[in-house]
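The values are calculated or read from the model by the stated rules, or taken from the named source; none is laboratory data. For clarity, every value in this text was computed on a predicted model and none was experimentally measured. Don't worry about glycine lacking a Cβ; one is built from the backbone with ideal geometry, like all the others, and counts go over all protein chains shown.
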C-alpha cells in the first residue's frame, strides 16, 4: 500500500513541477506581452473629450492662432502623463489638412523637441 501511495504522491509532484516549468517558460518568452501591457497603459491615459471641454485657456490660445482659429477641431484628447501632469491634444482640419497641436493646462503650446 505504501508503494501505491508513494507513486501517487510522486506523480502529483511531477505534475506540479511540469506545470511550474511551463508557466515560467511562458513568461520568459513573452516580452511582447509586457510591451503590449505598457502600450495599453499609455493608451488608457489618453481620453477623448469633446472640444467644448477643453480648458478656457487652451481655447483662447487656439483663437489667438491665426492659422488655427478658422479650422474646426475634429478631435480633442485629455492626456495624463505617468507623473500625473495633464496636457491636451487637439486635431484641426479634415483628412490631408490635419494639424495636431498639444497644450498644457495654461494654454501654452507644447512643441516636440
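The C-beta contact set for the range 68-85 (first residue assigned to a loop (DSSP other than H, G, I, E, B), second residue at pLDDT 90 or above, distance under 6 angstrom, 6+ apart or interchain) comprises 68/62; 68/92; 69/63; 71/92. A Cβ distance below 7 Å, combined with a sequence gap of six or more or placement on separate chains, defines the contacts here; from the range 46-66, residues that are modelled with pLDDT under 95 reach residues that are outside any helix (DSSP H, G or I) and buried (at least 16 other Cβ atoms within 10 Å of the Cβ) in the pairs 46/77. Among the residues of the range 94-113, the ones that are closer than 18 Å to residue 49 by Cβ and assigned to a loop (DSSP other than H, G, I, E, B) come to 4 in all.
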